[in-house]
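Presented below is the structure to which this report refers.
The values are calculated or read from the model by the stated rules, or taken from the named source; none is laboratory data. Because the structure is predicted, anything quoted here is derived from the model rather than measured. Note: ideal-geometry Cβ built from the backbone for every residue, glycine included; neighbour counts use all protein chains shown.
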Amino acid sequence: MILGDAPFMDIQAAASIVIFSITLFLLIKRPKGLNIGLAAAIGALLSLLFGTVTVFQTLGALTEIWDAALAFFGIVTLSITLDAMGFFKWAALKIIRFAKGDGKRLYIYVALLTATVSILFANDSAILILTPIVVEITRQLDFKGGSRMVYLFAAGFVVDTAAMPLITSNPVNIVSADFFHYTFIDHLIFMGPVTIVTVALSILVVYLFFRKKIPVVYDASCVNLDCGFMAGSNNLIKIIFATLILVDIGYMLTSFIRLPVSIVICSGALFLLIIYYFYYRVMNFQAAPYKTVYTLLKEVNWGILLFMVGIFMVVQGLRAAGIIDFISSILVSASTLPLYLGFITPSLVVTVLASFMNNWPMTLLGLVSIRHAISGIGLSPDTGTNLIFSNIIGNNIGPTSSPSDL
């Protein structure tokens with residue numbers, strides 16, 4: 001390298017750090033309600049203007065994240081369609097009845113419902129859909145402030161720790177699978193037991209903190225959740241469950257033949273949208289307020305694609321500052337610790353960083369750093385696998401320990 005290039009490299013490195021910091025500030029603080037897509041786009045534009053990334057790397061970012069972005073659209077569309085059908089309210093009403101007036105049992109059921117929705121429909125959809133339902137349940141059961149918080153914390157705390165067993169449980173998982181080309185079954189085998197432990201611990205931790213505020217009994221007869229046509233349509237319930245089962249089977253099949261997972265989830269979402277339209281408009285079954293398909297699609301956060309591409313570009317720019325090398329060396333060093341420490345410690349490192357900067361930037365930093373370590377250092381397959389899944393665990397758990405999650 002020519003000596004005269006050194007100041008340029010120093011400026012470029014400093015610029016990448018400043019741009020990353022500005023982008024992170026915009027994403028977390030969102031001044032004047034700034035959309036996360038626009039916030040990331042500002043960071044990406046600055047990265048291009050200051051030369052920390054190239055147009056070629058921008059095109060590379062699109063190839064890296066398009067499947068995760070499209071899958072996210074499909075998951076959210078599927079979720080809001082089921083919500084419009086009244087499916088989640090129907091499920092909530094069922095657990096109220098199954099709990100049979102026992103406050104502690106209801107607490108466990110609410111947590112398990114949250115975990116199930118998070119696993120099947122991704123954590124972002126779960127928290128957006130279930131929070132108002134839990135609020136409505138606790139209001140109608142006449143739970144007071146402290147008691148109400150127990151169930152809200154059960155939902156909020158479990159939603160991230162449960163979003164791990166399936167590739168589609170979190171866009172973070174999809175990006176990781178696309179990065180390292182492992183299958184749906186590979187992910188499930190590794191992350192399934194971890195999810196059982198983390199969900200159980202989450203339920204236990206919240207219970208220990210709030211156990212005295214959990215109502216002993218409640219009167220379920222006062223609950224009147226308007227579930228729309230779900231309450232009177234057993235055939236529709238069967239169609240929904242059959243669709244969800246087929247979607248999960250499709251996840252496995254496409255991962256084996258290396259097809260994008262977004263094809264499956266978008267197909268399932270489109271099918272349920274057609275069913276939704278058919279029941280309301282063709283059969284004129286309008287027991288609940290009707291939302292048009294256009295209205296439902298407007299509820300999808302379309303800025304997420306811009307966000308994913310933008311933040312990936314900003315993270316790529318950190319190569320000039322040596323951040324990728326630094327994180328890579330930390331994770332590799334942590335992975336060499338004996339026994340289970342070699343797996344737990346990298347997860348804790350990622351958890352701390354994700355709680356500080358939000359899990360999306362940290363996910364991408366982790367993925368790029370791990371890929372750099374695998375290609376540059378020549379890690380063993382077992383060590384590489386441990387780091388890949390440590391990154392997933394840390395980025396799923398990290399947001400639960402701080403308010404920085406988007």
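Please go through (1) surrounded by 16 or more Cβ atoms within 10 Å (Cβ to Cβ); (2) out of contact with any Asp or Glu (no Cβ under 7 Å at 6 or more places or on another chain) for residue 312 and return the number of the only condition it doesn't satisfy. Against the list (1) surrounded by 16 or more Cβ atoms within 10 Å (Cβ to Cβ); (2) out of contact with any Asp or Glu (no Cβ under 7 Å at 6 or more places or on another chain), residue 312 comes up short only on (2). Would you point out which residue out of 110, 53, 76, 117 is part of a loop (DSSP other than H, G, I, E, B), of a type in the set (A, V, I, L, M) and surrounded by 22 or more Cβ atoms within 10 Å (Cβ to Cβ)? The conditions single out 53. Annotation: of all residues in the stretch 144-184 being outside any helix (DSSP H, G or I) and polar (S, T, N, Q), the one that is farthest from the chain's Cα centre (by Cα) is 183.
Among the residues of the stretch 31-41, which ones are in contact (Cβ under 8 Å) with a residue 24 or more places away in the chain and in a helix (DSSP H, G or I)?
Taking the stretch 31-41 and keeping what is in contact (Cβ under 8 Å) with a residue 24 or more places away in the chain, we get 35-41.
36, 37, 38, 39, 40, 41 - these are the residues of the stretch 31-41 that are in contact (Cβ under 8 Å) with a residue 24 or more places away in the chain and in a helix (DSSP H, G or I).
Across the stretch 80-87, a minimum of one residue is classified as at positive phi, touching a Cys at 6+ places or on another chain (Cβ under 7 Å) and at pLDDT below 85.
In the stretch 274-295, the residue that is modelled with the lowest pLDDT out of those that are closer than 13 Å to residue 80 by Cα, assigned to a helix (DSSP H, G or I) and of a type outside the set (Val, Ile, Thr) is 294.
Are any residues in the stretch 334-351 surrounded by fewer than 17 Cβ atoms within 10 Å (Cβ to Cβ) and at pLDDT below 85, and if so, which ones? Selection gives 336, 337, 338, 339, 340, 341. Scan the stretch 215-239 for residues that are modelled with pLDDT of 55 or more, surrounded by 14 or more Cβ atoms within 10 Å (Cβ to Cβ) and part of a helix (DSSP H, G or I) and the total you get is 4. For residue 313, the stated conditions do not hold, so it cannot be described as modelled with pLDDT under 80, closer than 27 Å to residue 67 by Cβ and out of contact with any strand residue (DSSP E or B) (no Cβ under 8 Å at 6 or more places or on another chain).
So that you can scan it fast, the table gives a plain yes or no per residue for (1) under 21 Å from residue 389 (Cβ atoms); (2) of a type in the set (Phe, Trp, Tyr); (3) modelled with pLDDT of 80 or more:
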position: 123; (1), (2), (3): yes, no, no
position: 128; (1), (2), (3): no, no, no
position: 134; (1), (2), (3): no, no, yes
position: 140; (1), (2), (3): no, no, no
position: 151; (1), (2), (3): no, yes, yes
position: 154; (1), (2), (3): no, no, yes
position: 158; (1), (2), (3): yes, no, yes
position: 164; (1), (2), (3): yes, no, yes
